[in-house]
Amino acid sequence: MKTKWVAKKILTAVYRQKAIAALILVFAVMPLVNTSFFTVYNMVDMLKSASVYITIGCGVTVVVISGACDLSVGGIMCLAGIITVKMMGKYPLFICIIFALLMGVLVGAVNGFFVVRQKSEAFVITLGMGALLKGVAQQLTDAHPIAGTNKAFFEFGTGSFLGLPNITVMMFLILITTCCLLRFTQFGRNCYAVGGDYDVAEYSGIPALRTKWLAFVISGFLAALGGVLLTARLNTGASTYGDTTALLVNCGTVLGGTSFAGGIGNAWKTALGLLLFTVLESALGMGSLNAYAKELVIGIIIAVIIGIDSYDQKRKAEMV
Amino acid sequence: MKKELNLKNAFFSFIKNYFVGFCIILLVVITMIYQPRFLSASNLLNIIRQLGPLSIVSLGMSFVIFAGYLDLSVAGTISLVAVVTVSLIEPLGQMGAILAGIVIGTAAGALIGAVVLVVGANRKSEALFISYGMGMAYSALALMYSGGVTQKLGENQKIFEVIGKGGWGILSVSLVIFIVCLIILQILQSMTYIGRSVMLAGGNPVASRLSGIPVNAVVVLVYTLSGLLASIGSVVLVSRVTTASPVIGKTYETNAITAVLIGGTSLKGGNGSVMRTVLGVVLISLMSNCMNLLGISSYMQSVVRGLVLILAIWLDSKRNS
């Protein structure tokens with residue numbers, strides 16, 4: 001009798017923390033497939049990729065908790081990097097980065113305007129915005145990658161601080177800030193309330209409009225920051241970045257336990273989910289699958305994850 | 001005080017309802033002034049020819065939007081059907097290859113509909129994500145199946161040649177196919193139980209389900225229809241460009257959605273008509289043609305298309321709020 005109860009408890013815990021369970025699974029299976037998975041080089045590489053995703057993921061988490069989604073993060077990330085690199089030669093580095101971040105804030109504000117004030121469907125508006133930004137990025141670079149010219153920038157992107165890559169340190173700072181923002185501040189609590197039920201939050205006196213709008217601004221800002229970090233790491237700005245990023249980050253958020261219904265989740269959970277995605281990408285790359293099969297598997301995984309999340313909600317919701 | 005039914009009121013209400021369409025007509029007028037080549041016979045013929053694939057795909061997309069959903073997988077479906085059809089010409093012959101391609105495309109659409117149904121994606125955004133993810137999977141399948149290679153149609157592929165280039169003057173074969181699909185779908189939408197179910201399920205799913213309308217079947221049906229029409233459009237596209245690239249479907253989903261929205265159908269679902277979509281497709285083709293004639297770079301064109309999409313969505317939500 002007791003063993004059945006314990007087994008049920010374990011299964012529920014595993015089901016809830018899908019990301020941790022899956023991570024453990026991948027780490028257990030990988031050494032059997034390819035031993036070079038556990039080299040320091042590979043680990044550091046995965047960590048750097050994950051850092052960019054997690055930076056963006058923090059912003060997307062805030063938006064998803066508030067009940068919407070943000071698919072323009074890929075376009076913002078790409079454009080931020082291009083703006084930084086393009087302005088590098090003529091202006092000091094500081095100004096370039098500020099400009100890129102400002103662009104992210106602006107795009108986030110526009111997204112927020114359409115979604116919150118005009119009550120458009122967040123998915124389609126942010127999707128269109130992301131496509132638009134990609135077109136702008138292509139126009140600015142004429143579809144060639146452009147190389148960065150600032151040495152300090154590149155050194156920041158590839159250097160390390162106390163053993164961890166600089167990018168990862170920045171990611172941790174942002175992650176901790178976002179977690180504290182969501183858990184300990186009034187704004188964070190408002191996000192959860194707005195995500196749970198927008199109208200009820202508004203009737204309860206929470207500035208729902210402002211909260212949701214600000215969530216989009218934060219997402220835009222962090223996406224731009226992620227773009228700057230990515231460009232620092234690669235020292236190039238290309239309009240081909242960020243094609244699948246939006247989808248990956250949003251799904252990583254869901255995988256980590258922040259549901260699209262809004263109102264639950266946290267940034268560290270997203271970090272775990274995105275870490276899993278990065279590890280998965282790396283693991284798939286190491287197997288004997290070619291690049292296309294990798295994309296296929298990722299597409300299927302995304303559909304499965306969202307499907308499970310949706311099925312979860314369907315069971316919890318009351319059927320009329 | 002009753003509003004007078006005169007030309008001025010009709011004009012203003014037209015502008016209000018079809019604002020985006022009105023802007024495009026303005027663009028056409030401007031182009032006519034600056035580029036008299038626009039009115040040449042070859043250009044107008046070109047516009048009508050261009051209508052083919054996108055209009056067929058948009059017809060399928062309109063049904064999905066009537067039901068309140070969006071099908072973002074058409075890019076992948078088009079690419080997959082294209083590569084599969086061309087590769088099957090050898091073993092199955094032309095007609096067989098076309099049929100096989102259409103069957104596969106329809107099955108792909110049905111699969112998405114089934115998945116959306118099973119996971120109970122009653123919040124629309126999750127259904128969109130699922131279709132997006134599966135579209136990505138189909139696109140990757142197309143890449144895998146073809147090995148990334150663009151296949152050319154052989155020399156004496158008669159049927160494809162007829163579809164791509166044949167016809168009598170203005171009535172190209174692709175236009176005829178489009179008109180046939182249009183008539184069938186218009187009849188389906190306005191005069192059959194199925195069509196009414198789709199509109200009602202889109203307008204208010206809960207009330208429809210309580211009234212006995214098979215909302216679940218409607219969801220699977222619209223995605224299947226979208227897959228079917230996407231595969232027909234893919235065959236027409238392959239005939240026109242005589243190659244099958246595994247990324248041939250790239251921008252089709254956003255263009256199809258834009259076409260349906262410009263026509264005046266609401267994203268909310270439950271309203272609109274197939275004829276409106278035709279209007280939207282014509283306007284989008286005109287817009288592309290005008291931008292080409294005005295010499296706007298292709299990147300700026302995609303920026304403009306994104307702007308038009310956002311504008312259409314914004315006006316749609318303004319009308320609903």
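What to note about this one:
- Under 11 Å, Cβ to Cβ, from residue A:202 - net charge with Lys/Arg +1 and Asp/Glu -1: 0
- Using a Förster distance of 30 Å, the FRET efficiency for residue A:95-residue A:173 (Cβ separation, nearest 0.05): 0.85
- Dipole magnitude for the range B:50-296: about 400 debye, using +1 per Lys or Arg Cβ and -1 per Asp or Glu Cβ, origin at the Cα centre.
- Remark: mean inter-chain Cβ contacts per residue of B:111-119 equal 3, using a 10 Å Cβ-Cβ cutoff to other protein chain atoms.
- Residue of A:120, A:259, A:239 that the Gaussian network model of chain A assigns the largest fluctuation, springs spanning Cα pairs under 10 Å: A:120
- Ranked by the mean number of other Cβ atoms within 10 Å per residue, highest first, peptides B:197-210, B:262-275 order as B:262-275, B:197-210.
- Per-residue HN-Hα couplings for the range A:251-261 [Karplus 6.51, -1.76, 1.60; θ = phi - 60°; Hz; x = Gly/Pro]: 6, x, 4, 5, 4, x, x, 8, 7, 5, 5
- When each of the peptides B:81-91, A:75-85 is scored by how many other beta carbons lie within 10 Å of its residues on average, the order from highest to lowest is A:75-85, B:81-91.
- Cβ-defined net charge surrounding residue B:135, 12 Å radius [Lys, Arg +1; Asp, Glu -1]: -2
- Lys/Arg +1, Asp/Glu -1 at C-beta; the range B:50-296 dipole; positive extreme among B:110, B:290, B:189: B:189
- Translational D in µm²/s for the protein assembly as shown (Stokes-Einstein at 10 °C, 1.306 mPa s, Kirkwood Rh from C-alpha pairs): 61
- Span-rule helices in chain B, defined as complete DSSP H runs reaching 24 Å or more along the axis (Cα) with Kyte mean at least 1.6: B:89-118, B:173-191, B:215-241
- Per-residue ³J(HN,Hα) for the range A:150-156, Karplus 6.51 cos²θ - 1.76 cosθ + 1.60, θ = phi - 60°, Hz, x for Gly and Pro: 9, 5, 4, 4, 5, 5, 4
- Distance between modelled label sites at residue A:183 and residue B:250, nm, 7 Å Cα→Cβ extension: 4.5
- When the protein assembly as shown is described by a simple charge dipole with +1 on each Lys and Arg Cβ and -1 on each Asp and Glu Cβ, the residue from B:215, B:72, A:244 located farthest towards its positive end is B:215.
- Net charge over other residues, Cβ less than 15 angstrom from the Cβ of residue A:233 (K, R count +1; D, E count -1): 0
- Dipole size of the protein assembly as shown about its Cα centre, with +1 on Lys/Arg Cβ and -1 on Asp/Glu Cβ: approximately 1060 debye, rounded to the nearest 20.
- Mean partner shielding of peptide A:294-302, defined as the number of other chain Cβ atoms within 10 Å of each residue Cβ, is 6.
- In terms of its C-alpha gyration tensor, chain A comes out oblate, because a/c is 1.5 or above while a/b does not outweigh b/c.
- Partner chain coverage, peptide A:306-315 - average Cβ within 10 angstrom: 6
Every number here is computed from the coordinates shown, using simple stated rules; none is lab data. Since this is a predicted model, take the numbers as computed values, not measurements. Neighbour counts run over all protein chains shown; Cβ positions are idealised from the backbone, glycine included.
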